[in-house]
Amino acid sequence: MDEEYDVIVLGTGLTECILSGLLSREGKKVLHMDRNDYYGGESASLNLTQLYRKFRPGQEPPAELGRDRDYNIDLIPKFIIASGELTKILVHTDVTRYMEFKQIAGSYVFRDGKISKVPSTEMEAVKSPLMGLFEKRRAKNFFSFLQTWKDDDPSTHQGIDLDKDSMKAVYEKFGLESGTQDFIGHAMALYLDDE
């Protein structure tokens, strides 16, 4: 192993990987290291043994859970918008050689003791147990409102001022129940909190 480097990058989180990739592209000799036995820092995907080592030190995973390679658990959900700036940076730095991109098959929520798919089509919405019949009608009106919104056309705003009104106020205007607000805000819009 060479002993001289232009740069030493400690950690293998996304920020460190982008930095390492940019420096390498600029011709720098980079040593990229991590103290963990896995790649990815706080946004890593862990197998079952690594997950137990991190969150239940000293315990082994139960044999009935199966093989390590059957698990790939993300510590942080990683959604990257396909046409966003981050995608352009990842492609430019060649970090994409170490990543795998997949289309999301669905988003799910745990509610009322059950796991349910967040509807992504009109047919799924009709069949979804997440909302009752009247709530589905209110949600349809809300989504129609969003689809017809035009920034430069106040007639599409229905009296809502996005610079002043909170999202909670918008939900209330359409009479959406708190459970519907939760899955729209968290599972669809990917907000981590209610702020």
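The values are calculated or read from the model by the stated rules, or taken from the named source; none is laboratory data. Since the structure is predicted, the reported quantities are computational estimates derived from the model, not experimental observations. When we count neighbours, we look across all protein chains shown, and the Cβ atoms used for this are built from the backbone with ideal geometry, even at glycine. We work out accessible area using only protein heavy atoms, side chains counted, and drop any ligands, DNA or RNA first. Shrake-Rupley method; radii C 1.70, N 1.55, O 1.52, S 1.80 Å.
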Exercise for the section: Could you tell me whether segment 100-108 includes any residue that is in contact with a Gly (Cβ under 8 Å, 6 or more places away or on another chain), under 28 Å from Y191 (Cα atoms) and either open to solvent by 100 Å² or more (accessible area, probe 1.4 Å) or not hydroxyl-bearing (S, T, Y) (or both)? Expected result: no
Fill in the blank from the handout: K136: passes all of (1) surrounded by fewer than 15 Cβ atoms within 10 Å (Cβ to Cβ); (2) free of Cβ contacts under 8 Å to residues at least 60 places away in the same chain but (1)
Exercise for the section: Quickly run through segment 162-185 and pick out the residues that are open to solvent by less than 60 Å² (accessible area, probe 1.4 Å), among the hydroxyl-bearing types (S, T, Y) and over 21 Å from the mean Cα position of the chain (by Cα). Expected result: Y171
Handout entry: Listing of helices (runs of 4 or more DSSP H) fully contained in segment 102-182 that carry 2 or more residues being more than 29 Å from N72 (Cα to Cα) and of a type in the set (S, T, N, Q)
Key = 133-148, 178-182
Handout entry: Filter result for G11 (free of Cβ contacts under 8 Å to residues at least 12 places away in the same chain, small (G, A, S) and open to solvent by less than 90 Å² (accessible area, probe 1.4 Å))
Key = no
Practice task
Inspect all residues belonging to segment 85-106 and state whether any of them is in contact with a strand residue (DSSP E or B) (Cβ under 7 Å, 6 or more places away or on another chain) and at pLDDT below 80.
Solution key: yes
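Only one of E26, E42, E60 is open to solvent by 90 Å² or more (accessible area, probe 1.4 Å) and within 20 Å of the chain's Cα centre (by Cα); which? Reasoning before the result, please.
On the way: E26 fails: within 20 Å of the chain's Cα centre (by Cα); E60 fails: within 20 Å of the chain's Cα centre (by Cα).
When all the criteria are applied, what remains is E42.
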